[in-house]
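Below is one structure, written out as structure tokens; the observations come after it.
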Amino acid sequence: MITALISRKGGVGKTTTAVNLSAALADQGLRVLLVDLDSQASASLSLGVDRADLAPSSADVLLGGLPAAQAVRETAIPGLHLITASVDLIRAESELAVFRGKETRLRGALADVAREYDFVFLDCPSSLSLLPVNAITAANAFIVPVVPQFLAVTGLKNLIAAAERTAWDHGTRVRPLGLLLTMVDYRIKSTRRTVDELRTEHGSLIFAIEIRINTRLAEAPAAGQTIFQYDRHAKGAEAYRLLAGEFLLRGR
Ligand code: ADP
Ligand code: MG
């Protein structure tokens, strides 16, 4: 199964979820590939890759025709493999545009390598531009992280419909695996109400597990570590372990 992490908003926990959900599943003995599609390479850096060591990257796969298998590298976590991102992805938007089938290049590029894994995750930049479109047409499922803050939670139905339509337009199908509440902060008075409203509006589409705000989750990337390496007893580690369980149930 190939799952894309998408959102129109930045800073909602896409990368944090891609990295730590991948790691939690690998921890259970599953074979996982994380593909970093964000030119900022946050997922790659969070997994301990040095900024100077990002090549070869997903940009080479998408633009240079490098076989994806040759861009796969191991990480410090057994069972978790990575295709890095790099700044070259900034060029990707414009350069991809000249290719025929520009919306489905990733799908073709990943087809072979994806079979080697139980789960593939695609960490996307925050938009619905050509890179996320490529992720959506390559994926079977997608997760939308949502920070439940007043004024910040509109347009979700729209995004889901747009993703489904994008896949449909290119002859593929993708299903919303769920909306994931992240950085949930109940110290903010309005949060409870916003969460309740979201759960009423979207029902079972929202993961039961909520990822609460947790300082350790924010600290781990700077150490180049997943939450399980950085502090496996942190609340954030427990949350992503539980999410892995719910993900497996939903993914069946
Ligand atoms: P996105 O990929 O959607 O832009 P990130 O995953 O990079 O979002 O998260 C944005 C910032 O918030 C990062 O600095 C990250 O470390 C931090 N962060 C993510 N999830 C949490 C959390 N549950 N608690 C605290 N900080 C978080
Ligand atoms: Mg990100």
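The values are calculated or read from the model by the stated rules, or taken from the named source; none is laboratory data. Because the structure is a prediction, the values reported are computed rather than measured. Quick reminder, even Gly has a Cβ in these numbers, built from the backbone with ideal geometry, and neighbours come from all protein chains shown.
What to note about this one:
- Candidate set: segment 14-40, residues that are assigned to a helix (DSSP H, G or I) and under 19 Å from Ala59 (Cβ atoms); chosen: the one farthest from ligand 1 (Cβ to nearest atom): Ala18
- Residue list for segment 222-252, restricted to those being part of a helix (DSSP H, G or I), closer than 18 Å to Phe121 by Cβ and not small (Gly, Ala, Ser): Ile227, Phe228, Gln229, Tyr240, Arg241, Leu242, Leu243, Glu246, Phe247, Leu248, Leu249, Arg250
- The set of residues from segment 111-137 being touching a residue at least 60 places away in the same chain (Cβ under 8 Å), within 15 Å of ligand 2 (Cβ to nearest atom) and not hydrophobic (A, V, I, L, M, F, W, C) comprises Asp123, Pro125, Ser126, Ser127, Pro132.
- Scanning segment 31-60 for residues that are surrounded by 24 or more Cβ atoms within 10 Å (Cβ to Cβ), out of contact with any strand residue (DSSP E or B) (no Cβ under 7 Å at 6 or more places or on another chain) and farther than 18 Å from Leu106 by Cα turns up just one, Ser46.
- Scanning segment 31-45 for residues that are near ligand 2 (Cβ under 9 Å from one of its atoms) and either out of contact with any Asp or Glu (no Cβ under 7 Å at 6 or more places or on another chain) or among the polar types (S, T, N, Q) (or both) returns Gln40, Ser42.
- Residue check for Ile160: closer than 15 Å to Ala4 by Cα and modelled with pLDDT of 95 or more: yes
- Residues being free of Cβ contacts under 8 Å to residues at least 40 places away in the same chain and either in a helix (DSSP H, G or I) or under 20 Å from Asn20 (Cα atoms) (or both) - total across segment 59-73: 6
- Some residue of segment 170-187 being in a helix (DSSP H, G or I) and touching a residue at least 12 places away in the same chain (Cβ under 8 Å): no
- Answer residue from segment 155-195, given it is of a type in the set (Ser, Thr, Tyr) and within 22 Å of Ala18 (Cα to Cα) and is nearest to ligand 2 (Cβ to nearest atom) among those: Thr182
- The residue pairs whose first member lies in segment 194-221 and is in a helix (DSSP H, G or I), whose second member is surrounded by fewer than 18 Cβ atoms within 10 Å (Cβ to Cβ) and at pLDDT below 95, and whose beta carbons are closer than 7 Å, counting only pairs six or more residues apart or on different chains, are Thr194/Gln149; Thr194/Phe150.
- Of everything in segment 17-30 that is touching a strand residue (DSSP E or B) at 6+ places or on another chain (Cβ under 8 Å) and in contact (Cβ under 8 Å) with a residue 60 or more places away in the chain, the residue that is farthest from ligand 2 (Cβ to nearest atom) is Leu30.
- For segment 130-159, the tally of residues that are of a type in the set (A, V, I, L, M, F, W, C) and closer than 20 Å to Arg100 by Cβ stands at 6.
- Meets criteria (farther than 28 Å from Leu242 by Cβ and within 16 Å of ligand 2 (Cβ to nearest atom)) for Ala68: no
- Total residues in segment 74-92 satisfying the condition of being over 24 Å from Ser127 (Cβ atoms) and either crowded, with 21+ Cβ neighbours inside 10 Å or touching a residue at least 12 places away in the same chain (Cβ under 8 Å) (or both): the figure is 7.
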